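The values are calculated or read from the model by the stated rules, or taken from the named source; none is laboratory data. All values derive from a computational prediction rather than experimental measurement. Neighbour counts run over all protein chains shown; Cβ positions are idealised from the backbone, glycine included.
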Amino acid sequence: MAVKNSVPRKIFLVFDIVLLLVISIICIAPFINLLAVSFSDKLSVAAGEVTFFPKGLTTVAYEFITNTSKFTRSLLISCERTAIGVPINILLIILTAYPLSKTKQEFRGRNFFSWFFVVTILFNAGLIPTYMVVRSTGLMNSIWSLILPSALPVFSMLVVMNYIRGLPRELLEAAYIDGAGHIQTLIRVVLPVSLPTIATVTLFSFVFHWNSWFDGMIYMNKIQNYPLQTYLQTVVVNPEEFIRNNTDLSGNLSKYLSMVSARTTGAAQMFLAMIPILCIYPWLQKYFTTGLVMGSVKG
């Protein structure tokens, strides 16, 4: 009987492995194509000859993007934005989610504040009022115009709030019995067992700050204040105009005009933009499925 049952199981496992391999190839193929296009010459890309291997191997697209002082400055601005914005997001998420995770008896204003934050998701003020607030507060052309309008991601806060609310009550009650206050309970009990969800919202926040380009476009009036994604967007939209207006590349104007296209530079900038995400994601992934809550209950 066991032998008969093992045959369908083996067939299922083989089918499962093949299916996952096909899905993995489908997911990885666009990235390989993107990398191949970024290292290919302009004519090969325009002719549609590039698939998964570069044609006319060249690094001119990366030279075009990186061989300017403005690129370095925009990269530093994005790093500064991420280094400041992510900790602020996580701090405000935790300080908001913890009290809202309490019961109505423990925190009387919970329902009011919960609906207050939910309404901000359902009804948004829009671009023009947000722009007017940023301008009237004197944040234009500053790094804070990219950070403060999105200082508290409400959706991420709700994710953390629901996670904390689902923690075993025994954990918190044990801390209260031992004499711990709310701050001690938050730091020593809640945060250690909430690492999976905090790692998740940290990744969301990092991706948002690193990939955001539109706010830099509307809040910054000078290209030297653009974050990386906004700067690269201007390069991709009109690379020929960018070359003509960039004094750093004036000596190689004819070279770049003949060898660079919007598609090759677009592929190069997208690949460069993905590198930080690809570096940080594996480090945070290990927390996603870790059973820290169950381990703490058993302890």
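So which residues in the stretch 223-277 are at pLDDT below 75, assigned to a helix (DSSP H, G or I) and of a type in the set (A, V, I, L, M)? Within the stretch 223-277, 235, 236, 237, 243, 249, 253, 257, 259, 262 qualify. The set of residues in the stretch 66-87 being touching a residue at least 40 places away in the same chain (Cβ under 8 Å) and within 30 Å of residue 170 (Cα to Cα) is empty.
Name the residue that is nearest to the chain's Cα centre (by Cα), counting only residues in the stretch 56-102 that are of a type in the set (S, T, N, Q) and crowded, with 16+ Cβ neighbours inside 10 Å. Ranking the candidates gives 82 first. Reported count of residues in the stretch 80-109, each being modelled with pLDDT of 85 or more and farther than 19 Å from residue 159 by Cα, is 5. Looking at the stretch 152-167, I want the residues that are closer than 13 Å to residue 190 by Cα and touching a residue at least 60 places away in the same chain (Cβ under 8 Å) and have a partner that is surrounded by 17 or more Cβ atoms within 10 Å (Cβ to Cβ) and of a type in the set (Phe, Trp, Tyr) with Cβ atoms under 7 Å, at least 6 apart or on another chain. Which pairs are those? Between residues of the stretch 152-167 that are closer than 13 Å to residue 190 by Cα and touching a residue at least 60 places away in the same chain (Cβ under 8 Å) and residues that are surrounded by 17 or more Cβ atoms within 10 Å (Cβ to Cβ) and of a type in the set (Phe, Trp, Tyr), the close pairs are 164/98. In this structure, is residue 157 closer than 30 Å to residue 224 by Cα, out of contact with any Asp or Glu (no Cβ under 8 Å at 6 or more places or on another chain) and not aromatic (Phe, Trp, Tyr)? The answer is no for residue 157. Given the structure, is residue 147 of a type outside the set (S, T, N, Q), under 24 Å from residue 74 (Cα atoms) and touching a Gly at 6+ places or on another chain (Cβ under 6 Å)? Yes: the conditions hold for residue 147. Checked against the criterion of being assigned to a loop (DSSP other than H, G, I, E, B) and under 22 Å from the mean Cα position of the chain (by Cα), the candidates 141, 124 yield just one match: 124. Scanning the stretch 158-179 for residues that are more than 35 Å from the chain's Cα centre (by Cα) and small (Gly, Ala, Ser) yields a count of 2.
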